[in-house]
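Below is one structure, written out as structure tokens; the observations come after it.
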Amino acid sequence: MQLPKHMKIAAGCTGAAIFGILFGWVIFPTILKSQLKKEMALSKKTDVRMMWEKIPFALDFKVYLFNYTNAEEVQKGALPIVKEVGPYYFEEWKEKVDVEDQDDTDTINYKKLDKFYFRKDLSGPGLTGEEVLVLPHIFMMGLTTVVSREKPAMLSMLAKALNGIFDSPSDVFIRVKVLDLLFRGVVINCARTEFAPKAVCTALKKEAADRLIFEPNNQYRFSLFGLRNATVDKHVITVKRGIKNVMDVGKVVAIDGKLEQDMWSEHCNEYQGTDGTVFPPFLTEFDRLESFSPDLCRTFKPWYQKRSSYRGIKTNRYIANIGDFANDPALHCFCEDPNKCPPKGLMDLAKCIGIPMYASLPHFYDCDPEILNNIKGLNPDVNEHEIAIDFEPITGTPMVAKQRVQFNIQLLRTDKIELFKELPDVIAPLFWIEEGLALNKTFVNMLKHQLFIPKRIVGVIRWLLVAFGFLGMSACLVFHFKDNIMRFAVSPDSASGTKVNPENNEQKEISIVGSEPPKIET
């Protein structure tokens with residue numbers, strides 16, 4: 001029996017609604033997820049792999065330094081007064097070189113290559129990099145602190161060495177041009193024939209070979225970032241490609257072939273999380289991200305804070321901090337003794353970078369208040385000094401990132417060296433950096449066109465199909481059963497009124513005059 005035309009239309013509308021539901025809520029999400037798994041993995045010749053190997057735009061690298069305005073008073077025991085100078089803006093171009101795929105283990109080996117370019121036009125007003133600032137002498141303070149910790153009996157000899165190497169300094173501060181300290185290098189005069197300076201310089205050449213530049217005539221140069229600039233890092237990093245399991249993409253497996261570090265204890269030596277340049281897709285607010293930082297020799301675990309947005313794309317904001325090593329049992333393994341951990345918000349980097357410096361958030365934000373009280377001139381602010389990253393959750397792409405860290409040093413007091421006898425023995429700030437990115441319009445539009453616009457189109461189409469299907473089906477069913485509906489509408493049982501007999505409405509006249517009264521029987 002052939003169906004009526006309107007019933008065929010109803011069947012077609014029902015099919016459209018079912019297709020809209022299946023395609024919009026089942027088929028398309030499955031296809032999208034499958035495609036993203038392929039695109040987000042670090043397989044050869046994918047866009048993600050090419051961007052991972054060589055980021056096609058510069059990152060922001062801002063340096064803020066603290067100028068000490070009362071160096072002479074600090075030398076006599078006064079608390080430091082500092083003034084922040086910056087930012088000194090650098091373009092940071094990141095690239096991975098010597099890249100080798102290991103198909104059997106689904107991993108990649110690579111080395112890092114970073115290049116920095118100073119931009120006066122984007123630096124603070126009037127800053128040229130030639131400004132002379134006054135800061136604690138990082139090399140002198142670091143060397144003294146190391147000897148004090150590891151070989152205190154050698155402090156007296158070190159005092160003689162410092163006088164020779166630094167030409168009988170009057171205090172523990174250095175007056176230095178900014179670009180010299182950051183990149184060009186500060187001269188350490190090791191052209192000395194006296195026993196103490198020569199012994200110390202010989203030890204430096206052996207122990208600090210990867211942190212100093214050696215020049216003719218026993219002249220050494222020390223800088224904060226000079227050896228890192230345009231130089232291939234010697235360490236080989238091994239990460240997961242994520243082809244077999246996309247949720248492992250970028251996960252650090254080993255460094256220099258070692259499956260874990262050897263400077264800390266227990267789980268603090270483990271490599272946890274990605275290398276910080278790529279993250280797994282399909283993030284939810286319940287996911288805890290992990291990122292391993294080779295510069296700080298530890299894993300950071302940012303946590304979800306709130307929903308956010310960037311250039312019209314919905315994002316999830318994650319924040320992080322240094323941690324409270326003394327009161328968090330999970331961080332005790334970063335301390336030699338859990339009872340001697342640094343105060344909240346500080347991390348001792350001596351074992352990591354070989355220099356006794358402390359990491360914190362800028363201006364001692366989120367640190368023990370006592371640390372902040374020991375330094376005048378700091379103004380911690382959550383918006384300026386917090387670590388924050390906005391991720392696009394579907395692809396796991398960082399849209400905006402502000403990774404901030406401050407480096408500090410102890411103004412060590414010791415009676416063994418004349419210059420150090422009256423120092424205030426506080427944690428003093430040196431400088432802080434902000435390494436950040438904000439995807440430009442080109443890459444945001446690329447993400448929109450490749451992901452969000454198709455996703456929105458499918459979202460509109462699926463609702464149109466469902467709405468059209470159900471409305472068309474309903475209209476055809478009404479048309480098909482219209483006779484039954486009409487009969488039901490006019491059936492006697494459906495009448496709501498009561499039939500009235502006209503005779504019942506006739507009123508009888510009642511006469512009072514002339515009527516006989518009723519008889520009363522006696």
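Quick check on the stretch 438-445. Is at least one of its residues of a type in the set (Gly, Ala, Ser), outside any loop (DSSP other than H, G, I, E, B) and under 30 Å from Ala350 (Cα atoms)? No, the conditions are met nowhere in the stretch 438-445.
Being of a type in the set (A, V, I, L, M), within 14 Å of Ile409 (Cα to Cα) and surrounded by fewer than 22 Cβ atoms within 10 Å (Cβ to Cβ): is that true of Leu349 here? First the steps, then the outcome.
Details: of a type in the set (A, V, I, L, M): yes; within 14 Å of Ile409 (Cα to Cα): yes; surrounded by fewer than 22 Cβ atoms within 10 Å (Cβ to Cβ): yes.
Yes, satisfied.
Of all residues in the stretch 223-252, those satisfying the criterion of being assigned to a loop (DSSP other than H, G, I, E, B) and in contact with a helix residue (DSSP H, G or I) (Cβ under 7 Å, 6 or more places away or on another chain) are Ser223, Leu224, Phe225, Gly242, Val249.
So which residues in the stretch 249-268 are in contact (Cβ under 8 Å) with a residue 60 or more places away in the chain and out of contact with any Ser or Thr (no Cβ under 9 Å at 6 or more places or on another chain), if there are any at all? Even if it seems obvious, please write down each step before you answer.
Looking only at the stretch 249-268, we keep the residues that are in contact (Cβ under 8 Å) with a residue 60 or more places away in the chain, and these are 249-250, 253, 263-268.
If the condition is that a residue be in contact (Cβ under 8 Å) with a residue 60 or more places away in the chain and out of contact with any Ser or Thr (no Cβ under 9 Å at 6 or more places or on another chain), then Met263, Trp264, Ser265, Glu266, His267 are the ones that fit.
Filtered by the rule that a residue be aromatic (Phe, Trp, Tyr), touching a strand residue (DSSP E or B) at 6+ places or on another chain (Cβ under 8 Å) and either at negative phi or not assigned by TED's automatic domain parsing to the domain that holds Met263 (or both), the stretch 351-365 gives a lone residue, Tyr358. Residues to consider are Lys402, Lys416; find the one that is crowded, with 20+ Cβ neighbours inside 10 Å, modelled with pLDDT of 85 or more, out of contact with any Phe, Trp or Tyr (no Cβ under 9 Å at 6 or more places or on another chain) and not aliphatic (A, V, I, L, M). Criteria check complete, one pass: Lys402. Considering only residues that are assigned to a helix (DSSP H, G or I) and either in contact (Cβ under 8 Å) with a residue 24 or more places away in the chain or assigned by TED's automatic domain parsing to the domain that holds Gly129 (or both), look in the stretch 41-74 and name the one that is farthest from Ile409 (Cα to Cα). So, considering only residues that are assigned to a helix (DSSP H, G or I) and either in contact (Cβ under 8 Å) with a residue 24 or more places away in the chain or assigned by TED's automatic domain parsing to the domain that holds Gly129 (or both), the one farthest from Ile409 (Cα to Cα) is Val48. Of the residues in the stretch 311-318, at least one is over 27 Å from Asn245 (Cα atoms) and at pLDDT below 90. When the stretch 288-330 is filtered for residues that are surrounded by fewer than 18 Cβ atoms within 10 Å (Cβ to Cβ), of a type outside the set (A, V, I, L, M), more than 12 Å from the chain's Cα centre (by Cα) and in a loop (DSSP other than H, G, I, E, B), the ones remaining, listed by number, are Pro294, Asp295, Arg311, Gly312, Asp324, Asn327, Asp328.
Could you please find all residues in the stretch 116-164 being among the hydroxyl-bearing types (Ser, Thr, Tyr) and outside the structural domain of Phe66 (by TED's automatic domain parsing)? Outline the logic, then answer.
Of the stretch 116-164, the ones among the hydroxyl-bearing types (Ser, Thr, Tyr) are 117, 123, 128, 144-145, 148, 156.
If the condition is that a residue be among the hydroxyl-bearing types (Ser, Thr, Tyr) and outside the structural domain of Phe66 (by TED's automatic domain parsing), then Thr144, Thr145, Ser148, Ser156 are the ones that fit.
Looking only at the stretch 253-290, count how many residues are of a type outside the set (S, T, N, Q) and in contact with a helix residue (DSSP H, G or I) (Cβ under 8 Å, 6 or more places away or on another chain). Residues meeting the conditions: 11.
The values are calculated or read from the model by the stated rules, or taken from the named source; none is laboratory data. Treat the numbers as computed from the prediction; the structure is a model and nothing was measured. Every residue, glycine as well, gets a Cβ built from its backbone with ideal geometry; the counts of neighbours run over all protein chains shown.
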